[in-house]
Amino acid sequence: MASLLEEEELKNIQEHEVVQGTVIQVSHNEAFVDIGAKQEIPIPKNELAYPAPESAKDVVSVGDVIDVFVVSKGGENGYVLSKVKADKLAAWKDFDGIVDRQEVLSATVTQVVKGGLVAAVKGLRAFIPASQVELHFVKDLNVYVGQTIEALPIECDIKKQRLVLSRRKLLEQAREEKQAALFETLEDGQTLHGTVKRLVDYGAFIDIGGVDGLCHISDISWDRVKHPSDVLKVGQELDVYVKNFDPDTKRISLSIKETVEDPWFARVERYAEGQTITGKVIKLTDFGAFMEIEPGFDGLIPMGELSEKRIARADEAVHTGDEVSVKILHIDKKRKRISLSITKAAHDAENEG
């Protein structure tokens, strides 16, 4: 009679259904579960949780009553069971209508795949497209592997068991809230404290309180800058000057150099009109040649001051790299220009001789 009852109970356990079981024994690699069969059924750790835990003991303990999915009957142990599949079925039911609810989900990134990231959400596999990871393009997505991030569901197809998430939408919402608060108090001419967030060829994006503004490369320093990375580092904190902002386009133009005194004015105080100095020719133009007085501090030698002879091109008198003696003709502090003359310096030298 006992044997017949046992056989009847076994007949009631069908494939592809969820049944309850009690954890009888747990080792590092598996857990043994009693579902009322002739023997306890082992469940490997990769079928206990997604992503797979380091140890089965991290997921279940002896005495736990858990739901398991009957994958198939037969085999060495009588049944093949999966807690992961049971959890997924329960989770998909909870996910019905989640896109409309715009529920914020915690997603643990497990791997990088073509086009984005794979993440685990309540035991389900989710996909985060590369374009939905950050507010800007991310070159290396591997930095997110192992991280738990918050994201919004943008697609959920229960039938196809497809879940697509967006972290970018959450970041955009947070940015808009911070922008609205910032724009209420932001004014042209303000000096604010910021943090360098990203460097690009044409400048630096600087966080001024949850909102990024752009400091163009020409506004980074009073000296010439070949690339922002030559003078700035990501994470660096500094003061910035608000050149202008547009609430409609949400663009903020910043300047770093405006927060410090222009070194040109300190340098020019060391020179006077009529003084003879020497320097190196650094650039030829259609209207003359520029001479470096000091590193980052130049003066212009107009075409008519390059040579006593009438010349059509600057290279008829000087070449880049030439060391020349010049006389300071005029210092224009308003326009930050210094006019120099080779011919007048030569005249003075002859008269003194």
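Could you check, for the stretch 90-102, whether at least one of its residues is open to solvent by 10 Å² or more (accessible area, probe 1.4 Å), closer than 30 Å to V211 by Cα, outside any helix (DSSP H, G or I) and not β-branched (V, I, T)?
yes
Give all pairs with beta carbons closer than 6 Å in which a residue from the stretch 240-259 that is part of a strand (DSSP E or B) meets a residue that is at pLDDT below 90 and small (G, A, S); count only pairs at least 6 apart in sequence or on separate chains.
Qualifying pairs under 6 Å: none.
Restricting the search to the stretch 97-146, which residues are aromatic (F, W, Y) and under 16 Å from Q161 (Cβ atoms)? Before you say what the answer is, go through the steps one by one.
Start the filter on the stretch 97-146 by keeping residues that are aromatic (F, W, Y), which leaves 127, 137, 144.
Residue satisfying the conditions is F127 alone.
Pull up the stretch 226-272, narrow it to residues that are among the acidic types (D, E) and closer than 14 Å to L186 by Cβ, then point me to the one that is least open to solvent (accessible area, probe 1.4 Å).
First, pick out the residues of the stretch 226-272 that are among the acidic types (D, E): 230, 237, 239, 246, 248, 258, 261-262, 269.
Filter again for closer than 14 Å to L186 by Cβ, leaving 246, 248.
Working: D246: 56, D248: 140 Å².
By that ranking, first place goes to D246.
In the stretch 29-58, which residue that is surrounded by 14 or more Cβ atoms within 10 Å (Cβ to Cβ) and more than 45 Å from the chain's Cα centre (by Cα) is nearest to V19 (Cα to Cα)?
Checking each candidate, the answer is I35.
Give the stretch 59-71 a look and list any residue that's loosely packed, with under 14 Cβ neighbours inside 10 Å and either in a strand (DSSP E or B) or under 36 Å from the mean Cα position of the chain (by Cα) (or both), or say none.
If the condition is that a residue be loosely packed, with under 14 Cβ neighbours inside 10 Å and either in a strand (DSSP E or B) or under 36 Å from the mean Cα position of the chain (by Cα) (or both), then V65 is the only one that fits.
State which residue is surrounded by the fewest Cβ atoms within 10 Å (Cβ to Cβ) when the search covers only the stretch 144-162 and only residues that are modelled with pLDDT of 95 or more and of a type in the set (A, V, I, L, M, F, W, C).
V145
Going residue by residue through the stretch 172-182, is there one that turns out to be surrounded by 15 or more Cβ atoms within 10 Å (Cβ to Cβ) and either modelled with pLDDT of 95 or more or touching a Phe, Trp or Tyr at 6+ places or on another chain (Cβ under 6 Å) (or both)? Quick ask: steps written out before the conclusion?
To start, the set of residues in the stretch 172-182 that are surrounded by 15 or more Cβ atoms within 10 Å (Cβ to Cβ) comprises 175, 178-179, 182.
Keeping just the survivors that are either modelled with pLDDT of 95 or more or touching a Phe, Trp or Tyr at 6+ places or on another chain (Cβ under 6 Å) (or both) gives none.
No, there is no match, as no residue in the stretch 172-182 is surrounded by 15 or more Cβ atoms within 10 Å (Cβ to Cβ) and either modelled with pLDDT of 95 or more or touching a Phe, Trp or Tyr at 6+ places or on another chain (Cβ under 6 Å) (or both).
Check A107, A119, A130 and return the single one that is under 26 Å from D212 (Cβ atoms), small (G, A, S) and free of Cβ contacts under 8 Å to residues at least 24 places away in the same chain. Write out each step before concluding.
Details: A107 fails: free of Cβ contacts under 8 Å to residues at least 24 places away in the same chain; A119 fails: free of Cβ contacts under 8 Å to residues at least 24 places away in the same chain.
Of A107, A119, A130, the one residue that is under 26 Å from D212 (Cβ atoms), small (G, A, S) and free of Cβ contacts under 8 Å to residues at least 24 places away in the same chain is A130.
If you go through the stretch 170-192, how many residues are without any contact (Cβ under 8 Å) to a residue 40 or more places away in the chain, more than 17 Å from L135 (Cα to Cα) and in contact with a strand residue (DSSP E or B) (Cβ under 9 Å, 6 or more places away or on another chain)?
Filtering the stretch 170-192 for residues without any contact (Cβ under 8 Å) to a residue 40 or more places away in the chain gives 171-174, 176-178, 180-182, 184-185.
Subset that is more than 17 Å from L135 (Cα to Cα): 180-182, 184-185.
Pick out the ones that are also in contact with a strand residue (DSSP E or B) (Cβ under 9 Å, 6 or more places away or on another chain) and you get 182.
Here the count works out to 1.
For I328, state whether it is touching a residue at least 60 places away in the same chain (Cβ under 8 Å) and either of a type in the set (V, I, T) or in contact with a Gly (Cβ under 8 Å, 6 or more places away or on another chain) (or both).
Judged against the criteria, I328 is not a match.
Looking for whichever is modelled with pLDDT of 95 or more, within 30 Å of Y241 (Cα to Cα), not in a helix (DSSP H, G or I) and not β-branched (V, I, T) here; the options are G279, G299. Which one fits? Please lay out each step first, then the result.
Details: G279 fails: within 30 Å of Y241 (Cα to Cα).
The match here is G299.
If you scan the stretch 202-225, which residues turn out to be in contact with a helix residue (DSSP H, G or I) (Cβ under 6 Å, 6 or more places away or on another chain), at negative phi and open to solvent by 50 Å² or more (accessible area, probe 1.4 Å)?
Once the filter is applied, which keeps residues that are in contact with a helix residue (DSSP H, G or I) (Cβ under 6 Å, 6 or more places away or on another chain), at negative phi and open to solvent by 50 Å² or more (accessible area, probe 1.4 Å), the stretch 202-225 yields Y202, W222.
State all residues of the stretch 183-196 that are at negative phi and surrounded by fewer than 17 Cβ atoms within 10 Å (Cβ to Cβ); if no residue qualifies, say none.
Filtering the stretch 183-196 for residues at negative phi gives 183-188, 190-196.
The answer is F183, E184, T185, E187, D188, Q190, T191, H193, T195.
Within the stretch 128-143, work out how many residues are surrounded by fewer than 17 Cβ atoms within 10 Å (Cβ to Cβ) and within 27 Å of D87 (Cβ to Cβ).
Here the count works out to 1.
In the stretch 13-22, how many are more than 13 Å from S82 (Cα to Cα) and open to solvent by less than 80 Å² (accessible area, probe 1.4 Å)?
Kept after step one, since they are more than 13 Å from S82 (Cα to Cα), are these residues of the stretch 13-22: 13-14, 22.
Now restrict to residues that are open to solvent by less than 80 Å² (accessible area, probe 1.4 Å): 13, 22.
Qualifying residue count for the region: 2.
V84: in contact with a Cys (Cβ under 7 Å, 6 or more places away or on another chain), within 18 Å of A120 (Cα to Cα) and not in a loop (DSSP other than H, G, I, E, B), yes or no?
Answer is no for this residue.
Taking R125 as meeting all but one of (1) open to solvent by less than 70 Å² (accessible area, probe 1.4 Å); (2) closer than 30 Å to E172 by Cα; (3) in contact (Cβ under 8 Å) with a residue 24 or more places away in the chain, write down the number of the exception.
R125 satisfies all of (1) open to solvent by less than 70 Å² (accessible area, probe 1.4 Å); (2) closer than 30 Å to E172 by Cα; (3) in contact (Cβ under 8 Å) with a residue 24 or more places away in the chain except (1).
I need the full set of residues from the stretch 313-353 which are part of a loop (DSSP other than H, G, I, E, B), open to solvent by 30 Å² or more (accessible area, probe 1.4 Å) and within 18 Å of V281 (Cα to Cα), in order please. Don't jump to the end; show me each part of the working.
Initially, the stretch 313-353 is screened for residues part of a loop (DSSP other than H, G, I, E, B), giving 313, 317-322, 333-336, 353.
Now restrict to residues that are open to solvent by 30 Å² or more (accessible area, probe 1.4 Å): 313, 317, 319-322, 333-336, 353.
Result: R313, A317, H319, T320, G321, D322.
The values are calculated or read from the model by the stated rules, or taken from the named source; none is laboratory data. The shown structure was predicted, so the numbers you read here are calculated from the model rather than taken from an experiment. Heads up, the Cβs are rebuilt from the backbone with ideal geometry, glycines too, and the neighbour counts pull from every protein chain shown. Heads up: the accessible areas ignore ligands, DNA and RNA and are worked out on the full protein's heavy atoms, side chains in. Shrake-Rupley method; radii C 1.70, N 1.55, O 1.52, S 1.80 Å.
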